[in-house]
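The structure under discussion appears below in the form of structure tokens.
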Amino acid sequence: EKALVGQPATEATFRAAAAAALRGAQPREHNRFKVELAQNTLVQALLKVAGA
């Protein structure tokens, strides 16, 4: 949330916020793809909410 406050509603901002939200993620060997999947899902959701 802190990464979004006061920032423009752009894909770059949303990508930075998603990366910050998942910074501490510790995936297991067979589900590493889920971190990228979660980041992309967050970005798409934020873009949709922002009407972009």
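The values are calculated or read from the model by the stated rules, or taken from the named source; none is laboratory data. Owing to the predicted nature of the structure, the values given are computational and were not obtained by experimental measurement. As a convention, Cβ positions derive from the backbone with ideal geometry for all residues, glycine included, and neighbour counts pool all protein chains shown. Note: accessible area is taken over every heavy atom of the protein model, side chains too, but ligands, DNA and RNA are not part of it. Shrake-Rupley method; radii C 1.70, N 1.55, O 1.52, S 1.80 Å.
For the range 1-41, what are the residues that are among the polar types (S, T, N, Q) and closer than 22 Å to Gly51 by Cβ? Don't jump to the end; show me each part of the working.
Step one: list which residues in the range 1-41 are among the polar types (S, T, N, Q), which gives 7, 10, 13, 26, 31, 39-41.
Of everything in the range 1-41, those that are among the polar types (S, T, N, Q) and closer than 22 Å to Gly51 by Cβ turn out to be Gln7, Thr10, Thr13, Gln39, Asn40, Thr41.
Run down Leu37, Leu4, Leu47 and say which single residue is out of contact with any strand residue (DSSP E or B) (no Cβ under 7 Å at 6 or more places or on another chain), open to solvent by less than 50 Å² (accessible area, probe 1.4 Å) and hydrophobic (A, V, I, L, M, F, W, C).
Checking each option against the conditions leaves just Leu47.
Does Ala17 satisfy being small (Gly, Ala, Ser), in contact (Cβ under 8 Å) with a residue 24 or more places away in the chain and in a helix (DSSP H, G or I)?
In short, yes.
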